[in-house]
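The structure under discussion appears below in the form of structure tokens.
Values quoted throughout were computed directly from the atomic coordinates according to the rules given, and no laboratory measurement underlies them. For clarity, every value in this text was computed on a predicted model and none was experimentally measured. We place every Cβ from the backbone using ideal geometry, glycine too, and count neighbours over all the protein chains shown.
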Amino acid sequence: MRTRTRGVARKNWFGAPLNWLLFVLLPLVLALPGCDQEPEPPSLEIIGGGFIFNYRLAEAYWGITARTLGGVPEEAVLEARFENPGGGEAIVVRQPTRRGRDRYKFETPPLASVEAERDYGVELRLLDPATEAVIATAGRQFRSQIGSDVLPPRPLTFGPGYHNAPANAGPPPPQPGDAPPPR
């Protein structure tokens, strides 16, 4: 290896200046591993969720948070299919995907008949925007620790400020099977 002093480039063992190697070959070597990779297929992940009980509004609902991974097509549709605690058809909630967004929140309408300590399933599907064919799926089980029987028979409050409901001023209305009030 020869070296010259005072601002002249050093040469390596095959005679080329080191600057040429650093600025030409190094970016090529770093870019080559990425040239042969195929794009990552789209996939989904349910990252959280569960049952939400709002005793003030006397409502229970179910929600999940999902994340998209990989190459999700633009304007594809995310569809969450929640098991219905009341039985019957699954509760379906849909929303389109958006560019630059990878997290999505899904909530059911208010539910009835949620049982404590029972598993309920949810399936998340990514649908093709043109054909609605299933591109990717994810599933998960959730368990409620309490049932909807803990909710009051009617809302305790109303409005955005949780004002006392006027109907709650007196005693609760009689329920079917209750004994008549004493005279």
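Normalised by 2.2 N^0.38 Å, where N is the number of residues, the alpha-carbon radius of gyration of region 44-149 equals 1.12.
Rounded to the nearest 20, the Cβ-based charge dipole of region 96-167 about its Cα centre (Lys and Arg +1, Asp and Glu -1) stands at 360 debye.
Relative contact order of region 39-183, taken over Cα pairs closer than 8 Å and 6 or more residues apart, is 25 percent. Couplings 3J(HN,Hα) for region 136-141, derived from phi with the Karplus relation 6.51 cos²θ - 1.76 cosθ + 1.60 (θ = phi - 60°), are 8, 9, 8, x, 7, 10 Hz, where x marks Gly and Pro. Computed over region 109-165, the quotient of the alpha carbon radius of gyration and 2.2 N^0.38 Å is 1.75. For the peptides 107-120, 54-67, residues were scored by their other Cβ atoms within 10 Å and the scores averaged per peptide; the highest-first order is 54-67, 107-120.
Backbone geometry of region 99-112 corresponds, through the Karplus equation with coefficients 6.51, -1.76 and 1.60 at θ = phi - 60°, to 3J(HN,Hα) couplings of 5, x, 10, 10, 10, 9, 10, 10, 9, 7, x, x, 10, 10 Hz, x marking Gly and Pro.
Among beta bridges from DSSP that stay inside region 44-149, the antiparallel ones total about 100%.
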